[in-house]
Amino acid sequence: MIPADLRAALELFAGLPRVLVATDYDGVTAPIVSDPAAAHPLPGTVEALVALAALPGVTVAVVSGRDRATLDRLSGVEEPIVTVGSHGAEWAEGFESPLDAAALARRDAVLAGLEEIAARHPGAAVERKPLGAALHVRNVADAADADGALEQARRGPASVPGVHATEGKAVLELTVTDASKGRALTLIRDRVGAQAVLYLGDDVTDEKAFAVLESAGDVSVKVGDGETAARFRVRGPEDARAVFEDLAALRA
Ligand SMILES: [Mg+2]
């Protein structure tokens with residue numbers, strides 16, 4: 001079900017000559033599942049994105065916190081859809097800015113620091129990322145224990161100069177560059193000359209994307225509950241799919 005005000009914004013958006021349709025992956029195109037390796041797109045969602053990408057004047061992008069290889073494999077999307085991994089840092093052409101020796105040293109230190117914390121909190125897991133590492137506490141049985149692990153990470157590895165922390169749902173992600181989903185959207189918008197950008201996201205990291213959608217025709221959509229700077233909201237991945245399908249129909 002698409003709210004009436006969002007539907008009206010989509011109609012205006014669909015009429016613009018050049019647009020960028022962008023989306024987060026987990027929680028938007030793919031429902032959240034307990035095993036991140038099994039997070040596959042909702043049937044019909046990728047089909048709608050492919051249909052949009054085939055229309056004149058439309059660029060489609062999937063922007064995720066996951067590393068790009070995993071994002072491509074799980075989502076199954078291919079060119080001409082643009083995929084950007086590692087919160088805006090990892091592109092088809094390679095990294096936007098390769099890590100220098102100091103950043104590589106920071107990444108190793110972050111990884112070691114988080115692994116130490118995870119070892120003290122059963123259920124916690126560390127995910128290596130090309131540009132840093134993430135501490136996941138979703139499977140820590142005790143909520144206070146999970147919070148404690150995150151707090152230790154904030155006070156420890158996250159507080160090192162040059163390390164950027166991003167809070168998520170039961171995850172703290174640390175990167176050693178200042179890439180963000182917001183910067184990624186701005187880069188694609190400029191590259192393709194889009195008059196307006198649509199972006200759907202469900203997590204805290206997506207707020208950096210919503211924050212750059214300031215043009216009159218931009219459409220920012222929060223998926224699910226929680227504080228947000230987005231202008232519109234839908235309930236979940238089924239509604240996100242409906243947004244893509246509606247837009248494809250309007251545009252066609
Ligand atoms: Mg997400």
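Confirm whether Ala14 is away from the ligand (no atom under 12 Å from the Cβ), more than 22 Å from Trp91 (Cα to Cα) and of a type in the set (A, V, I, L, M). Answer is yes for this residue. Quick check, is Arg7 open to solvent by 20 Å² or more (accessible area, probe 1.4 Å), under 23 Å from Ala194 (Cβ atoms) and either within 16 Å of the ligand (Cβ to nearest atom) or at pLDDT below 95 (or both)? Answer is no for this residue. Can you tell me which residue in the stretch 32-43 is farthest from the ligand (Cβ to nearest atom), limited to those that are open to solvent by 40 Å² or more (accessible area, probe 1.4 Å) and of a type outside the set (Asp, Glu)? Checking each candidate, the answer is Pro43. Identify, please: which residue in the stretch 226-239 is hydrophobic (A, V, I, L, M, F, W, C) and over 16 Å from the mean Cα position of the chain (by Cα) and is, among those, nearest to the ligand (Cβ to nearest atom)? Filtering first and then ranking leaves Val234.
For the stretch 164-181, state whether one or more residues are closer than 17 Å to His87 by Cβ, hydrophobic (A, V, I, L, M, F, W, C) and part of a helix (DSSP H, G or I). Within the stretch 164-181, not a single residue is closer than 17 Å to His87 by Cβ, hydrophobic (A, V, I, L, M, F, W, C) and part of a helix (DSSP H, G or I). With respect to being touching a residue at least 40 places away in the same chain (Cβ under 8 Å) and closer than 17 Å to Gly201 by Cβ, Asp24 fits the description. Within the stretch 144-153, identify whether any single residue is outside the structural domain of Asp203 (by TED's automatic domain parsing), at pLDDT below 90 and not hydrophobic (A, V, I, L, M, F, W, C), and answer yes or no. Taking every residue of the stretch 144-153 in turn, none turns out to be outside the structural domain of Asp203 (by TED's automatic domain parsing), at pLDDT below 90 and not hydrophobic (A, V, I, L, M, F, W, C). If you go through the stretch 20-39 and pick out every residue that is out of contact with any strand residue (DSSP E or B) (no Cβ under 7 Å at 6 or more places or on another chain) and of a type in the set (A, V, I, L, M), you end up with 4. Checking each residue of the stretch 170-188 against the condition of being charged (D, E, K, R), within 16 Å of the ligand (Cβ to nearest atom), modelled with pLDDT under 90 and open to solvent by 20 Å² or more (accessible area, probe 1.4 Å) gives no match. Filtering the stretch 194-225 to residues that are open to solvent by 40 Å² or more (accessible area, probe 1.4 Å) and away from the ligand (no atom under 12 Å from the Cβ) leaves Gln195, Lys208, Ala211, Val212, Glu214, Ser215, Ala216, Asp225.
The values are calculated or read from the model by the stated rules, or taken from the named source; none is laboratory data. If you're wondering where the values come from, they're calculated on a predicted model, not measured in any experiment. Quick reminder, even Gly has a Cβ in these numbers, built from the backbone with ideal geometry, and neighbours come from all protein chains shown. The accessibility values were calculated without ligands, DNA or RNA, using every heavy atom of the protein model including side chains. Shrake-Rupley method; radii C 1.70, N 1.55, O 1.52, S 1.80 Å.
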